[in-house]
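Each remark here refers to the structure printed beneath this line.
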Amino acid sequence: MQIPDEWEILTPEKFQSNVPKNTLIAFRNNIKDENFTANVVVIKNELPQEQEISTPDYAKSLRQKVSQDLSAYSEVAVEQVKVFVGGKENETVFLYAIGREQPDSELKKFIQISAVKGKTAYIAIGSMLTTENETNTALADKIVTMVKSFELK
C-alpha cells in the first residue's frame, strides 16, 4: 500500500482499546480533528472453515453489508478493479460511499477494497468526515490512492 510520508503508522501496540481486534494496521492523517481524524485501516476477517469464497464474491457481499450497516447511505463510486493476491490479479470491487455508522453520528466518506487469500478476507478501508475541507479534494484523493494500491503478498 502506498502511504503518504506525512501519515502516522499505527501498529497494534499503539492502538487504543476501542480498536477492533481484527485490525492489523492503521494509518492516520497528520491533521488531527477533535471529532475524527481521517484514516486508513487494514482489517483481517477469518472466514468460516466450511465456506469457500472468491475475492469478487466477498467484495459483492461486503458492499451489500456496508449498504445495510450505514444509515444515510449513498454510493459515490463503485468500480470493478484488480487487486493482487499472492502475485496474481483478482477481480474485486472498489467502493466509495457516504454514510453514518450510527443515525446520530457525523456523515463520513468510506473508501474500501477487499481481497481473499485462502480462508482469510482482508479489507483496506479509509474514512474521513464529509465536512473536511470540501474545496480540497487532496485528502480524499490520498485515501483513494492508498486503498487502490492495496495488495496481498
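Within segment 1-17, can one find any residue that is closer than 18 Å to LYS117 by Cα, in a loop (DSSP other than H, G, I, E, B) and within 13 Å of the chain's Cα centre (by Cα)?
There is at least one residue in segment 1-17 that is closer than 18 Å to LYS117 by Cα, in a loop (DSSP other than H, G, I, E, B) and within 13 Å of the chain's Cα centre (by Cα).
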### Query
Has segment 78-96 got any residue that is more than 26 Å from LEU47 (Cα to Cα) and under 14 Å from the mean Cα position of the chain (by Cα)?
no
#### Entry: Residues that are in contact (Cβ under 8 Å) with a residue 60 or more places away in the chain, part of a strand (DSSP E or B) and over 28 Å from ASN18 (Cα atoms), drawn from segment 41-100
VAL81, VAL83, PHE84, VAL85
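Within segment 18-31, how many residues are assigned to a loop (DSSP other than H, G, I, E, B) and surrounded by 11 or more Cβ atoms within 10 Å (Cβ to Cβ)?
Taking segment 18-31 first, the residues assigned to a loop (DSSP other than H, G, I, E, B) are 18-22, 29-31.
Among the residues that remain, those that are also surrounded by 11 or more Cβ atoms within 10 Å (Cβ to Cβ) are: 19, 22, 29-31.
Count: 5.
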### Of the criteria (1) at pLDDT below 90; (2) over 15 Å from the mean Cα position of the chain (by Cα), which one SER105 fails
(1)
### Qualifying residue in segment 136-144 (condition: part of a loop (DSSP other than H, G, I, E, B) and modelled with pLDDT of 90 or more)
no
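The values are calculated or read from the model by the stated rules, or taken from the named source; none is laboratory data. Since the model is a prediction, treat every value here as computed from it, not as a measurement. Every residue, glycine as well, gets a Cβ built from its backbone with ideal geometry; the counts of neighbours run over all protein chains shown.
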